[in-house]
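Structure first, then comments.
Please treat every number below as a calculation from the coordinates, not as lab data. Quick caveat, the model's predicted, so the values are computed rather than measured. So basically every Cβ, Gly included, is an ideal-geometry build from the backbone, and we count neighbours across all protein chains shown.
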Amino acid sequence: MSERILKYTDAVREATDQLLEKDSSVFVVGLGVSYKDGAADGTTSGLAMKYPKRVLDVPVSENAFTGMAVGAAFSGLRPIVHHGRVEFSLLAMDPILTQAAKWNYMFGGGNPVPITLRIAVGRQWGNGPQHTQSLYGLFGGTPGLKVVIPSTPRMAKGLLISAVRDNNPVIILESRWLYKVKQDVPAEMWEEPLDKAKVLKKGADITVVAYGDGLVSALEAYDLVGKSAGIELIDVVSINPVDNETIAKSVAKTGRLLCVDTAPAAFSIGSEIIAAVAKVMPLKNKPVALCTPAVPCPTSTALTESYYPTKVDIANAVLRAMKKPDIKHVLTFEELHLAPSITLS
Amino acid sequence: MAIISRKNKRQDVALSTGALLRAYEKMFLIRVAEEKIAALYLKNKIMSFVHFYIGQEAVAVGVADSIGLKDKMLGNHRSHGHYLAKGGDLKRMVCELLGKEGGLAKGKGGSMHMVDRSVNFVGSTPILGSVVPLSCGVAFEQKYNKRKSVTVAFLGDGAFEEGVIYETINLAGLFKLPLLIVVENNLYSVNSPLKDRRAEGHNVAKIVRGFGAKYIKADGKNYRDVRVKAGKMVAYLRKGNGPGVLECFTHRHMAHSAPIFDESSRKEDVLEKRLQQDSIKRLRSELRRAGVSEKKLASIESEKIRYADESIAFAFAAPYPKPETLYTNVFAR
């Protein structure tokens, strides 16, 4: 089998293409999704030409087109809605949180809403306070939604396929920071479970839990730490529900827990996981939560330099938990500020 | 089924007495059922927040009589009338109000969440304007799958002030979707009159037509007027012309969400005027003039009263949902 190295965005595009081809009830709506370059991020490029009436550009009316997609979904279609930034999806919170998430429950079942929302979140240089929010808690804390964070190109493809085939509203929070990350992605269609965390690396000393952009930093930290500590690295994958069972099982083995958040700590995924684990077992260390400061993300690189936890921060947090000396590594401008284009194994 | 003459452009012709009588039966049942529900509500027998439709019956029935079973309908917080007009089951509706297992939503929704796929009542949702983009999606599916059916969304004049309405009229127009937006203008949003909510010169017709959509205004206290104009609107929609707004001016006889209220908050639609212009009273007079006997009408009315009593008794006797169903239906399989 030859390797098929795809960019994250190409993996999303390939899954979308295959879903459109296999199921005529699938359609795509979002601002600019019919553009040649595919909503400016490449995730739908060329698809409008292949499926002209099913990849639809829409007016800049987030509330209306998201609500329309919810209505189409409970009428039997399988829309994929694209919001290029989470801030714009906030204009559509009524159809997402109040309508789609409640629809089946409030009618006593029998009213499925098979909608998938792809929402881009998080860091990107130069984007500042109103273009870089993540707001994981908003989606993670709303019953009735399934919420996943694909952290690799393979997961981006497999989770999108599962999301579209699921009979419920699924929110896919895509870290824009990862759009250039590459990986070997199988050509066929397959489904990744929507509710399971994934153990990416086995280790006996400390459980590191991360997601999205933080997961890629944690993978780099794993290499930096090397044999100094046995890291068990877990990709959260699902934040509604959080797969506390897989995480707790790992912590039961390692006795130590480190969570990497790329958002402020309050109501974060990390705090949620630490609380869940602390309820069921004693720990050898004080659980560590790496996170951003509780301020909006600014624009100047002089200020964002210390905003997100880096691979060095993660590596040193691991080493401190193991009572080992810090590593010295000065991050380059590129490492600090430019989105990674690495190829993952 | 009522018939509208295609040849005659006058709007007030060709509704047979039989059709009017059937409409009267439906309107009377909605009225009497809600009056009985209101009495129970005042005695704290109904632990579901209720918004009464009394006074607006001609709108629901006039619109419902203009569409068929395959056409879809969605409503808002005030949708008992819409649901019953679409052919709904009063027993299951009252069960839902009482939180019973056999209710339309197994007790999980309550009064603000009417739903019944068997009559294509797709759902009702109380976040006012929300129903419009959702209904647009229902109409989107109808066009996507090349169906001949249309979708009707009911909302009030207050909801019509929410921005998503304007976004959706444009969107439905862009895709030429068979969406009929019925605005029931009862002159108040809770207790706020139109003059406190709208700029001088505000003009719904111009707004709607400015989006290239069709607008028709109807007397929502007059079944015949609603029926004829809704019929015109539905015919327009079926041709694939895109969305329309039917604005029906009506009176809500009760408070926003309770049976009784301070009459002093009503300026235009004072009690005397409401009773005088009441659609049911007017339709009854019309039927009498058309030769329907008092005896016939009284017999229909007593039958509807009996049926409402029977439905309510049925619902009170019905079982509550099992406590463990609290956890079911969050997700569909």
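For a paramagnetic label modelled at 7 Å from the Cα of B:Y327 toward its Cβ, which residues of region A:88-109 fall within the zone defined by backbone nitrogen distances under 19 Å?
The answer is A:105-106, A:108-109.
For A:C291, B:C248, what ranking results if the residue with the fewest other Cβ atoms within 10 Å of its Cβ goes first?
Values: A:C291 20, B:C248 28.
Going from least to most buried by this count: A:C291, B:C248.
Using the Cβ atoms and a cut-off under 12 Å, what net charge is assigned to the surroundings of B:S265, where Lys and Arg are +1 and Asp and Glu are -1? Don't skip to the end; give the middle numbers.
Numbers: positive: B:R252, B:R266, B:K267; negative: B:D196, B:D262, B:E263, B:E268, B:D269.
Around B:S265, the charge tally is -2.
Give or take rounding to whole Å, what are the principal axis extents of the alpha carbon atoms in region B:17-318, in descending order?
Each principal axis gives a Cα extent; for region B:17-318 these are 48, 41, 39 Å.
For every other residue with a beta carbon closer than 13 angstrom to the beta carbon of A:W125, add +1 if it is Lys or Arg and -1 if Asp or Glu, then tell me the sum. Before the final figure, lay out the partial values.
Values: positive: A:R123, A:R176, A:K180; negative: A:D213, A:E305, A:E334, A:E335.
Value of the local net charge: -1.
Using only alpha carbons, build the gyration tensor for the protein assembly as shown and give me the equivalent ellipsoid semi-axes, biggest first, whole Å.
On the way: eigenvalues 602, 141, 89 Å².
Value: 55, 27, 21 Å, ordered largest first.
At what distance in nm do the modelled label points of A:K196 and A:A266 sit from each other, each positioned 7 Å from its Cα along Cα→Cβ?
3.7 nm
When a/c reaches 1.5 or more, the comparison of a/b and b/c decides; with that in mind, is region B:1-146 rounded, prolate or oblate per its Cα gyration tensor? Walk me through the numbers before you get to the answer.
On the way: a/c = 2.24, a/b = 1.34, b/c = 1.68.
Verdict is oblate for region B:1-146.
Give me a single rounded figure for B:144-152: the average over its residues of other chain Cβ atoms within 10 Å of their Cβ.
Working: counts 9, 5, 0, 1, 0, 0, 0, 2, 0.
Per residue, the average neighbour count from other chains is 2.
Starting with the fewest neighbours, write out A:T9, A:T66 ranked by other beta-carbon atoms found within 10 Å of each beta-carbon.
Numbers: A:T9 23, A:T66 31.
Ranking A:T9, A:T66 by Cβ neighbours within 10 Å, fewest first, gives A:T9, A:T66.
Taking the highest mean first, how do the peptides B:121-127, A:196-202, B:271-277 order by number of other beta carbon atoms within 10 angstrom per residue? Let's see the in-between values first.
Numbers: B:121-127: 24.3, A:196-202: 16.7, B:271-277: 12.9.
Most protected by this proxy first, the peptides run B:121-127, A:196-202, B:271-277.
Normalised by the residues of chain A, what does the relative contact order come to in percent, with Cα pairs under 8 Å and at least six apart?
Averaging sequence separation for qualifying contacts and normalising by length gives 16 percent for chain A.
Largest first and in whole Å, what are the equivalent-ellipsoid semi-axes of region A:7-60 based on the Cα gyration tensor, each being the root of 5 times an eigenvalue? Display every interim value, and only then the final one.
Numbers: eigenvalues 45, 42, 14 Å².
Equivalent ellipsoid semi-axes, largest first: 15, 14, 8 Å.
What FRET efficiency comes out for the pair A:N285/B:S192, r = Cβ-Cβ distance, R0 = 60 Å, nearest 0.05?
Values: r = 58 Å, r/R0 = 0.97.
Once the sixth-power term is evaluated, E becomes 0.55.
Out of all DSSP beta bridges in region A:198-344, what portion is antiparallel? Express it as a percent rounded to 5. Could you put the intermediate results ahead of the total?
Numbers: 4 of 16 bridges.
Bridges in region A:198-344 that DSSP calls antiparallel: roughly 25 percent.
Restricting to chain A, compute how many DSSP beta bridges are antiparallel as a %, nearest 5.
Numbers: 9 of 43 bridges.
That works out to approximately 20 percent antiparallel.
Taking the dipole about the Cα centre of chain B, with the C-beta of Lys and Arg at +1 and of Asp and Glu at -1, give me whichever of B:A255, B:L134, B:I216 is farthest to the positive side.
B:I216
Find out how many positive minus negative residues lie around B:E96, taking Lys and Arg as positive, Asp and Glu as negative, among other residues whose Cβ is under 12 Å from that of B:E96.
Values: positive: B:K91, B:R92, B:K100, B:K106, B:K108; negative: B:D89, B:E101, B:D116.
Computed value for this residue: +2.
Please compute, for peptide B:118-130, the average count of beta-carbon atoms on other protein chains lying within 10 Å of each residue's beta-carbon. All intermediate terms of the calculation are to be shown ahead of the outcome.
Details: counts 0, 0, 0, 0, 5, 7, 2, 7, 1, 4, 1, 4, 8.
Mean partner-chain Cβ count within 10 Å for B:118-130: 3.
Scan region B:34-115 for trypsin sites (Lys or Arg not before Pro) in coil per DSSP, keeping those whose Cβ has at most 10 other Cβ atoms within 10 Å, and list them by number. Don't skip to the answer; put the middle values down first.
Numbers: sites: B:K36, B:K43, B:K45, B:K70, B:K72, B:R78, B:K86, B:K91, B:R92, B:K100, B:K106, B:K108; in loops: B:K43, B:K45, B:K70, B:R78, B:K86, B:K100, B:K106, B:K108.
The qualifying sites are B:K43.
What pairs from B:K45/B:K295; B:K43/B:K322; A:K180/A:K279 go past 30 Å between their alpha carbons? Intermediate results must be reported in sequence, preceding the final value.
On the way: B:K45/B:K295 34 Å; B:K43/B:K322 25 Å; A:K180/A:K279 38 Å.
Beyond 30 Å: B:K45/B:K295; A:K180/A:K279.
Which value results for Rg/Rh of region A:187-345 when Rg is the Cα radius of gyration and Rh the Kirkwood radius based on the inverse mean 1/r? Don't skip to the answer; put the middle values down first.
Details: Rg = 15.5 Å, Rh = 16.2 Å.
Reported Rg/Rh (Cα atoms, Kirkwood Rh): 0.96.
Just to verify a number: FRET efficiency for A:M322 and A:I342, C-beta to C-beta distance, R0 = 35 Å, to 0.05? Walk me through the intermediate numbers first.
Values: r = 26 Å, r/R0 = 0.73.
About 0.85, to the nearest 0.05.
If r is the Cβ-Cβ distance from B:D89 to B:R147 and R0 is 22 Å, what FRET efficiency results, to the nearest 0.05?
That gives a FRET efficiency of 0.35.
Just counting partner chain Cβ atoms within 10 Å, what average do the residues of peptide A:97-106 show around their Cβ? Write down the numbers at each step before the final one.
On the way: counts 0, 4, 8, 1, 1, 5, 6, 6, 9, 12.
Going residue by residue through A:97-106 and averaging, the value is 5.
Using a 10 angstrom cutoff on alpha carbons, build the Gaussian network for chain A and name the most mobile of A:K324, A:K102, A:K180.
A:K324
Roughly what % antiparallel, to the nearest 5, for the DSSP beta bridges in the protein assembly as shown?
Numbers: 12 of 70 bridges.
Restricted to the protein assembly as shown, the bridges split so that about 15 percent are antiparallel.
Pairs B:K86/B:K232; B:K72/B:K232; A:K53/B:K206; B:K72/B:K239; A:K249/A:K323: which are spaced more than 27 Å apart, C-alpha to C-alpha?
Numbers: B:K86/B:K232 18 Å; B:K72/B:K232 17 Å; A:K53/B:K206 31 Å; B:K72/B:K239 17 Å; A:K249/A:K323 23 Å.
Among B:K86/B:K232; B:K72/B:K232; A:K53/B:K206; B:K72/B:K239; A:K249/A:K323, the Cα-Cα distance tops 27 Å for A:K53/B:K206.
Would you mind ranking A:E14, B:E57, B:E162 by Cβ crowding within 10 Å, fewest neighbours first?
Numbers: A:E14 22, B:E57 31, B:E162 18.
Arranged by neighbour count, lowest to highest, A:E14, B:E57, B:E162 become B:E162, A:E14, B:E57.
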